[in-house]
Amino acid sequence: LGSTRGCSGQRRLGGSTGHALMGTMDFKTDASAVTINLLLIVRPEEAANKEKGQREGQTEGGRGAGLNGDGNGNSRSQAPQGTDLNGDAEHTPQGADIHVQTKGMGKEESQLQLFPPNPAAHNNLFLVVFSSRGQQALPSLSLLCFAGFQKTEAPRPPGAKDLHAYPWDKSSLKSMPVDLQKFKELDAYALEVNVKNSVEELVKALLKQARTDLEKVRAIWIWICHHIEYDVVGYHNKSQVSSKPRDVLQMGKSICEGYAELFEHMCSLAGIQCKKLLGHAKGHGYKTGQTFTGDSDHAWNAVYLEGRWHLLDSTWGSGSVDDSFTKFTYRYNEFYFLTHPALFINNHFPDNSNWQLLKPTLTLKEFENNMLHSSNFYMLGLLAAHPETPVIHTVNGKASVSVDCRSGTLFMFKLKGTDEHGLMTLKKHGMKLDVYPQKTGSHKLEIFAKPSKAEASDDVYKCVVEYVVECESVDTAMRFPKDLHQPVGPSWFSERQGFLRPSHREPVLHTNDGRCSLTFTLSKDISVLSSLHTDGSSLAEDMGRQHVLQIHRKNQVELKVHLPHAGNFVLKIYSKKKSDPGNYDYIFNYLIRCLNTEVKWPAFPQRYTKWLQDYEILEPLSGLLPANRNVRFKLKMHGVAKVLVQAEDTHPLTQNKDCWEGTCNTSGCREVFVMVHENANHTFYSHVLKYEVETQ
C-alpha cells in the first residue's frame, strides 16, 4: 500500500507490558487513499520473551501436549494468548508470517508481528506487537498486507439446524448439493498450484480462482489431498512429528492431526469457519467388532458453509497405506469431502457427540456394533447391506447376506480367501449370498463390487463390506464343484448378453431322475454353447458337452441335460455373435443337484460340425443304442437332399414334411452314423451324428 502519510488522533495508554498508541493512519495507493485504524502496542523485550516462553511450554511434550478443552468437548491446540487493554486474556489465532516492518531505527530496528494473521478478521482494527529496547521514538511504518482475506468469526458449536436425520435417507452422499462437474476447472487449477514458502501465500494463490466459500474450501481440499502425504514413519513416532501448519507445508507430509490443523488454518486465512475434530475412527488396522477405549486416535474437520456445519477428512481423502503401514499411496477419495453425517458416522466417532451432526446421536457402543461400509460401498451406488451387524452366526451351517443397490453392479465374495463355499446370485437391484463354511469357527467374509460398465482403469473389484461368520456346525452336503463360477443362475447380466425369460430363475436345479430341461428366449443373433462339469474324473471335458443337448426353435433355445450319475454338477453356458469367428465367451452357470444314486444316463449322440444349430433330434435321444435291435430314427433337418443311417448296413431315411424318419438294425456293429447328402448332385456324404452301440 506504500508508506504512511501521517498519524492523527494519537492517544497513549500505559500498562505493565509497555505502551500503546491508538490512532489513524492514511495510506496512499495508486487508485485512492485508504484510512485504516491502528492499535500499536509497544512492550519491553523481557515481557515479550516471557510470554514466548509460556507459549512454548504449553506445546512441548509430544502428542497430546498443549491440548486444552475448547468448550465443545474436544481437545484443541492452544494458540498464543495475549491480553487486551483491560488486562483480560484474549484468544489470538496462531501467529502468521504477516509482518509490519519498522524503518529508520538504525541499530534499534525491530520486526513487528500483526495479529490476527487475517488482517480483515477484526475489520479495520489491527493489533501490532513488537519488542523494543529502551526509550525510542515511534517509528514510521510500512505495511505488508494480503488482499482477499475475509472476516473469520470464532467457530460456533453446532445447533439444531446443523443436524441430519439418522439413519441415512439414501438421498445423497453429500451434506449439501455439490456439482462435481462445475469443480473440474477449479480442481485442475488447485492441483497445479505450487507454493511452499508460506501457508498465507499458498492460500492467496488458491483463492485466485475461487469465488464462493464452497469453492474456497474445495480448492484447499483438493490441494491438501494431492500435495500432503501421510507420514508412515512419523505415525510410529508421533512425538517427533510437528502438526503445525507451516511445518506440515514445508515437510509435505504429516499424520492426521497435521492434515486437520493445516486445513483449519488455511480455511481461517480464507475467511471460512473451520474446526479440527478429534475422535475414534475405523481406519487402518480396524478389526470387525472391536471396541474403542482410551484417547482419541484420529482427527478431521468441520467447515461452516451456507449457514450449516459440514464434515470432511482430508487424511482419508488423500490416499491409503499398505497393510504393513510402511508405504503411502496417493489415491484421491471424493467420498470424504462434505460427507453426509449419517454416512460419516459409519467410521468417524467424535469425542463430542454434538459434532456427529445427527439426530438422534449414536452411542459409542452403537458405533462399535454397526456395520463398517467402506467408501467404495457408497461411491459404487450401493445402498444397504443385510444383516446390519458385523458378526453373523450360521443356522444349520448356513449364513445369508444381501446387498441393495440402485443399478446393475457386479459382485464377488471371498470366505476365508476363497469363493468355493457359497452361492451368490445377482439381482436387478443388488445381490444375495448364502455361504456354507466347511469348518467350524470364525471366518472372514469379504464382499467386493465393481460397476457393470466400468472404465478400463476402474475395471477392478473393490471391497465394500466385511463380516465375521461364526460357524457352529457344518453342512457337509453343501459342498460345491470347483468349476462353479460366481454368481450362479440367470440375472440382469445374462439378460444383457441376450438370454431372456429363463424357465428357471433360481440358481439351483434339483432333479430326482437325473434329467432336466431349461429354455431361454434369445434376443440377439448369437450362437450358444453349453457343457456339464463335476469334480473328479467321471466326466471328461468332451463328454461334458455331450451330456447337454441344445435345441433351437426360432429365437428360443432349449437345453436338455442328462446326468451320468448322482451328485452336484455345473451347467456352464457360453455365447458369441454368429458373425464372430472368435471363441465363445462364458456368460453364466447353474448348479444341478441329484441325490438319486440309481441315476445313470448315457450321453447324447455326438454332433459333428455339419449338424446345424437349428437341427433337432427327436429320437433316439440316447447316444448309446441297444445291441441287436431295430431302432427308430426321427430327425428334424432342412436343406438336405438325402439322409442315411450307417450301421452294419446302410438305411436311408424318408422325408415326412420337415422330418426324416426310418429304422436301423444295430446287429453286428459298435457304432452307428447319421450322414447327409447336402446336394443331389454331390457324390459324397457328410457325417452329422454318431451313436455308440452297447456291447453284448
- prompt: under 27 Å from GLY252 (Cβ atoms) and open to solvent by 70 Å² or more (accessible area, probe 1.4 Å) - does that describe any residue in region 171-183?
  reply: yes
- prompt: Going by the conditions given, is PRO602 within 18 Å of LYS482 (Cβ to Cβ) and either touching a residue at least 24 places away in the same chain (Cβ under 8 Å) or among the charged types (D, E, K, R) (or both)?
  reply: no
- prompt: Looking at THR519, THR511, which is the one that is polar (S, T, N, Q) and open to solvent by 20 Å² or more (accessible area, probe 1.4 Å)?
  reply: THR519
task: Tell me the strands (runs of 3 or more DSSP E) entirely within region 310-350 that contain at least 1 residues that are open to solvent by 10 Å² or more (accessible area, probe 1.4 Å), of a type in the set (A, V, I, L, M) and touching a residue at least 40 places away in the same chain (Cβ under 8 Å).
output: 319-321
- request: Only residues in region 393-422 that are closer than 15 Å to SER442 by Cα count as the first member; pair them with residues that are open to solvent by less than 60 Å² (accessible area, probe 1.4 Å) and of a type in the set (Phe, Trp, Tyr), Cβ under 6 angstrom, at least 6 apart or cross-chain, and list the lot.
  value: GLY397/TYR436; LYS398/TYR436; HIS421/TYR436
- prompt: Looking at GLY544, GLY582, GLY567, GLY639, which is the one that is closer than 24 Å to ARG670 by Cα and at pLDDT below 95?
  reply: GLY544
task: Filter region 184-220 for residues that are open to solvent by 70 Å² or more (accessible area, probe 1.4 Å), over 23 Å from the mean Cα position of the chain (by Cα) and under 19 Å from TYR332 (Cα atoms) and give the result.
output: GLU185, GLU192, ASN194
query: Taking only pairs six or more apart or across chains, which ones have beta-carbon atoms under 8 Å, a first residue in region 164-193 that is without any contact (Cβ under 8 Å) to a residue 60 or more places away in the chain, and a second residue that is in a loop (DSSP other than H, G, I, E, B)?
result: LEU186/ALA210
query: Would it be correct to say that VAL195 is β-branched (Val, Ile, Thr), assigned by the TED database to the domain that holds LEU249 and assigned to a loop (DSSP other than H, G, I, E, B)?
result: yes
query: Taking region 395-417 as the search range and keeping residues that are open to solvent by 10 Å² or more (accessible area, probe 1.4 Å) and assigned to a strand (DSSP E or B), which one is farthest from GLY381 (Cα to Cα)?
result: VAL395
query: What tally of residues in region 254-306 results from selecting those that are part of a loop (DSSP other than H, G, I, E, B) and farther than 15 Å from VAL217 by Cβ?
result: 17
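Yes/no per residue for (1) part of a loop (DSSP other than H, G, I, E, B); (2) open to solvent by 40 Å² or more (accessible area, probe 1.4 Å):
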position: GLY544; (1), (2): no, no
position: VAL561; (1), (2): no, no
position: GLY582; (1), (2): yes, no
position: TYR586; (1), (2): no, yes
position: TYR590; (1), (2): no, no
position: ARG593; (1), (2): no, no
position: ASN596; (1), (2): yes, yes
Members of region 634-689 that are in contact with a Cys (Cβ under 7 Å, 6 or more places away or on another chain) and either open to solvent by 20 Å² or more (accessible area, probe 1.4 Å) or over 17 Å from ASP614 (Cα atoms) (or both): LYS634, LYS636, VAL645, ALA647, GLU648, HIS651, VAL672
- request: Assess whether SER622 counts as being part of a loop (DSSP other than H, G, I, E, B), assigned by the TED database to the domain that holds LYS610 and closer than 20 Å to TRP601 by Cα.
  value: yes
message: Give me the residue from region 418-431 that is under 19 Å from THR476 (Cα atoms) and assigned to a loop (DSSP other than H, G, I, E, B) and, out of that set, most open to solvent (accessible area, probe 1.4 Å).
response: GLU420
message: I need the full set of residues from region 272-294 which are more than 21 Å from VAL248 (Cβ to Cβ) and touching a residue at least 24 places away in the same chain (Cβ under 8 Å), in order please.
response: HIS280, LYS282, GLY285, TYR286, THR288, GLY289, GLN290, THR291, PHE292
query: Only one of GLY489, GLY441 is closer than 27 Å to LEU415 by Cβ and outside the structural domain of HIS429 (by the TED database); which?
result: GLY489
field: All positions within region 480-511 that are more than 12 Å from PHE588 (Cβ to Cβ) and touching a strand residue (DSSP E or B) at 6+ places or on another chain (Cβ under 7 Å)
entry: PHE480, PRO481, ASP483, LEU500, ARG501, SER503, VAL508, LEU509, HIS510, THR511
query: What is the one condition in (1) in a strand (DSSP E or B); (2) open to solvent by 10 Å² or more (accessible area, probe 1.4 Å); (3) within 21 Å of TYR286 (Cα to Cα) that THR389 does not satisfy?
result: (1)
- request: Report whether or not LEU338 is among the hydrophobic types (A, V, I, L, M, F, W, C), at negative phi and assigned by the TED database to the domain that holds VAL217.
  value: no
Only listed residue being open to solvent by 10 Å² or more (accessible area, probe 1.4 Å), polar (S, T, N, Q) and within 28 Å of the chain's Cα centre (by Cα), chosen from GLN250, GLN290, GLN240: GLN290
- prompt: Tell me, which residue of region 652-696 that is of a type in the set (Asp, Glu) and closer than 14 Å to LYS636 by Cβ is modelled with the lowest pLDDT?
  reply: ASP658
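The values are calculated or read from the model by the stated rules, or taken from the named source; none is laboratory data. None of these values were measured; they are calculated from a predicted model. Because the Cβ atoms are built from the backbone with ideal geometry, glycine has one as well, and the counts that use them run over all protein chains shown. Keep in mind that these areas ignore ligands, DNA and RNA; they rest on the heavy atoms of the full protein, side chains included. Shrake-Rupley method; radii C 1.70, N 1.55, O 1.52, S 1.80 Å.
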